[in-house]
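The values are calculated or read from the model by the stated rules, or taken from the named source; none is laboratory data. What you see is a predicted model, and the numbers here were worked out from it, not measured in a lab. As a convention, Cβ positions derive from the backbone with ideal geometry for all residues, glycine included, and neighbour counts pool all protein chains shown. Just so you know, the surface numbers come from the protein's heavy atoms only, side chains and all, with ligands and any DNA or RNA stripped out. Shrake-Rupley method; radii C 1.70, N 1.55, O 1.52, S 1.80 Å.
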Amino acid sequence: MSRATAIAYANLGLAKYWGKRPGAGNLPAAGSVGVNLKALRTITTASVIDGDRDEIRLDGENSPKAAARAGAFLDLVRELAGKPLHFRIESRNDFPTAAGLASSSSGFAALAAAAAHAADLRLDERALSALARKGSGSAARAIPGGVTRLIPDVDEPYAVSIAPPEALPWVWSIGVAKTGPKDISSRDGMAACAETSSFHDAWIRRAREDAETLERLVLSGDVDGAGALIEANALAMHADGFAARPPLVYFLPATLAAWRAAVELRRQGVMAWFTCDAGPHPVLMHPPQHAARVRETLLAIPGLERVIVSAAAGGVEVTG
Ligand code: DP6
């Protein structure tokens, strides 16, 4: 095949990945657990082309920084193929990019799958996940389906599916915050924490433990136990940023208000749990029958302008 299209779903960290071990190859310092979200898809087509350079179009634009990162990733595909192939890459996110939710997880998972297929590399799921990881750590978790866990302590960390999408009987309500101050990428944020946060080593120990505990909770069907751990884990990750110098604070007032709202909803018997990635957008996970109530709650928070509700999804899909 010299052309392939891949669809990947953004993988939201549940037990977060936030820190790398030394060395080349984008190696995570600890395990992490995430879930693929159906409403946040990236669709990428890779074609092998004649010529001596890649043509990369991301979301219809030519962003030099994003294109350079994708180009560097394609070098890895060329290396695996053992041939100086060049690619035309066309990639779009099937969700509002203006919302600032564009995720490197679905982006690099789709790019890895499309380019590997177009180059006729026959990679199994483990190898494809390890390849996607080199583009972005969370992308490794977007290759397998459902609830996925990154295995950290091997030469080439990769992710496996630990449970099908329905194992967590929730939907994910994403509160889209009005854009605040300039974004600091996850990559830069975790590097700043490793260098300057006095909490970072403690966070990494906690992250290791949490990933293992969360897997057990999911497998034993302890949904509320899982929710409580996911919420505490996200706050601990953000605390690592709070302790950085200068402080790295992704939260806006609306983010914290959404956490308070989750606490209040639970007091009223609606089991909604909070998480948040490296940005201001809060995510509440909860049983689907409470979607209208959660939406109303989030939209009542000043600073949140819309809500995207998503179910969990399977893994990356490749078509011709
Ligand atoms: C906060 O996967 O974007 O979303 O490997 O440097 O590309 P790089 O980082 P990235 O980090 C994601 C961090 C997070 C938590 C998570 O997804 O587990």
### Query
Projected onto the charge dipole of segment 167-310 (+1 at Lys/Arg Cβ, -1 at Asp/Glu Cβ, origin at the Cα centre), which of 203, 268, 286 gives the Cα projection farthest towards the positive end?
268
### Query
Per 5 Å bin, what is the whole-percent P(r) computed from every C-alpha pair distance within segment 88-163?
3, 18, 25, 24, 18, 9, 4, 0
### Query
Accessible surface of residue 134 in the full protein assembly, 1.4 angstrom probe, to the nearest 10 Å²?
70 Å²
### Vicinal HN-Hα couplings computed from phi for segment 298-310 (Karplus, 6.51 cos²θ - 1.76 cosθ + 1.60; Hz; Gly/Pro x)
5, 5, 7, 7, x, x, 9, 9, 7, 10, 10, 9, 9
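How big is the dipole moment of segment 128-219 about its Cα centre under a simple scheme where the beta carbon of each Lys and Arg is +1, that of each Asp and Glu is -1, and everything else is neutral? Debye, nearest 20, please.
That gives segment 128-219 a dipole magnitude of about 280 debye.
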### Task
For residue 38, go through the lysines and keep the ones whose alpha-carbon is under 30 Å away, minus same-chain ones fewer than eight residues off.
16, 20, 65, 134, 178, 182
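If Rh is defined by the Kirkwood formula over all Cα pairs and Rg also comes from Cα, what ratio Rg/Rh do you get for segment 112-155?
Values: Rg = 10.3 Å, Rh = 10.7 Å.
Here the Rg-to-Rh quotient is 0.96.
Using a 1.4 angstrom probe with every protein chain in place, what is the largest-first accessible-area order of 172, 273? Provide the component values of the computation, followed by the final result.
Working: 172 0, 273 20 Å².
Ranking 172, 273 by accessible area, largest first, yields 273, 172.
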#### Entry: Residue-normalised accessible area of the chain, given per residue in Å² at a 1.4 Å probe
43 Å²
### Query
Per-residue HN-Hα couplings for segment 292-297, Karplus 6.51 cos²θ - 1.76 cosθ + 1.60 at θ = phi - 60°, whole Hz, x for Gly and Pro?
5, 5, 5, 4, 4, 4
#### Entry: Cα-centred dipole magnitude for the chain, charges only on beta-carbon of K, R (+1) and D, E (-1), debye, nearest 20
420 debye
### Query
What spacing in nm lies between the two simple spin-label points modelled at residue 179 and residue 317, each 7 Å away from Cα in the Cβ direction?
3.0 nm
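If you count the DSSP beta bridges with both ends in segment 3-164, what percent of them are antiparallel, to the nearest 5?
Working: 31 of 35 bridges.
In segment 3-164, approximately 90 percent of DSSP beta bridges are antiparallel ones.
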### Query
How big is segment 128-261 by the Kirkwood estimate over distinct Cα pairs, in Å?
16.5 Å
### Message
Under the rule of at least 5 residues apart or a separate chain, name every residue whose amide H is placed under 5 Å from the amide H of residue 40.
### Response
10
### Message
Tell me the net charge near residue 175. Cut-off is 10 Å between Cβ atoms, residue 175 excluded, with +1 for each Lys or Arg and -1 for each Asp or Glu.
### Response
+1
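For the chain, which whole percent of the accessible surface, found with a 1.4 angstrom probe, sits on carbon and sulfur atoms? Kindly include the intermediate steps, with their values, before the conclusion.
Numbers: 7340 of 13730 Å².
After summing per-atom areas, the C and S share lands at 53 percent.
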### Query
Which of these, 81, 142, 258, has the largest mean-square fluctuation under a Gaussian network model of the chain (Cα springs below 10 Å)?
81
## Note on the structure
Once 160, 283 are ranked on solvent-accessible area with the largest value leading and a 1.4 Å probe, the list reads 160, 283
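How big is the C-alpha Rg of segment 224-308 next to the rule-of-thumb value 2.2 N^0.38 Å, as a ratio?
In units of the globular-protein estimate, segment 224-308 measures up at 1.08.
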### Task
Determine the distance separating the Cα centre of segment 189-216 from the Cα centre of segment 98-162; give it in Å without decimals.
21 Å
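Based solely on its DSSP helices, what 222 nm [θ] is calculated for the chain when runs of n ≥ 4 H residues each add -39,500 (n - 2.57) and the sum is averaged over all residues, nearest 500 deg cm²/dmol?
Working: 9 runs with 124 residues, N = 320.
Only helices count here, giving -12500 deg cm²/dmol.
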### Query
Assuming a viscosity of 0.890 mPa s and a temperature of 25 °C, what translational diffusion coefficient in µm² per second does Stokes-Einstein assign to the chain, Rh being the Kirkwood radius over Cα pairs?
125 µm²/s
### Query
Taking Cα pairs under 8 Å and at least six residues apart, what relative contact order does the chain come out at, in percent?
25 percent
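Quick one: net charge around residue 21, please, counting Lys, Arg +1 and Asp, Glu -1 for every other residue with C-beta under 13 Å from its C-beta. Before the final figure, lay out each step's value.
Values: positive: 20, 133, 208; negative: 153, 155, 156, 201.
Result for the neighbourhood of residue 21: -1.
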### Query
How many nm separate the modelled label positions at residue 79 and residue 201, each set 7 Å beyond the Cα in the direction of the Cβ?
3.1 nm
### Cut-off 15 Å between beta-carbons: net charge of the residues surrounding residue 306, Lys and Arg +1, Asp and Glu -1
0
#### Entry: Using alpha-carbon coordinates, inclination of helix 253-267 to the longest axis of the chain, degrees
60 degrees
#### Entry: Options 150, 72, 9, ranked by Cα towards positive dipole end of segment 1-154, top entry (Cβ charges)
150
### Message
At a threshold of 8 angstrom on Cα-Cα distance, excluding pairs fewer than six apart, so keeping six or more, what relative contact order does segment 174-253 reach in percent?
### Response
39 percent
### Task
Return one number: the angle in degrees, 0 to 90 and rounded to the nearest 10, between the long axis of the Cα atoms of helix 200-219 and the longest principal axis of the Cα atoms of the chain.
90 degrees
### Query
Any idea what angle helix 125-135 forms with the longest principal axis of the chain, computed on alpha-carbon atoms, 0 to 90 degrees, nearest 10?
80 degrees
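How fast does segment 3-164 diffuse by Stokes-Einstein, in µm²/s, taking the Kirkwood radius from C-alpha pairs at 4 °C and 1.567 mPa s? Numbers along the way, then the final one.
Working: Rh = 15.5 Å.
Rounded to a whole number, D works out at 84 µm²/s.
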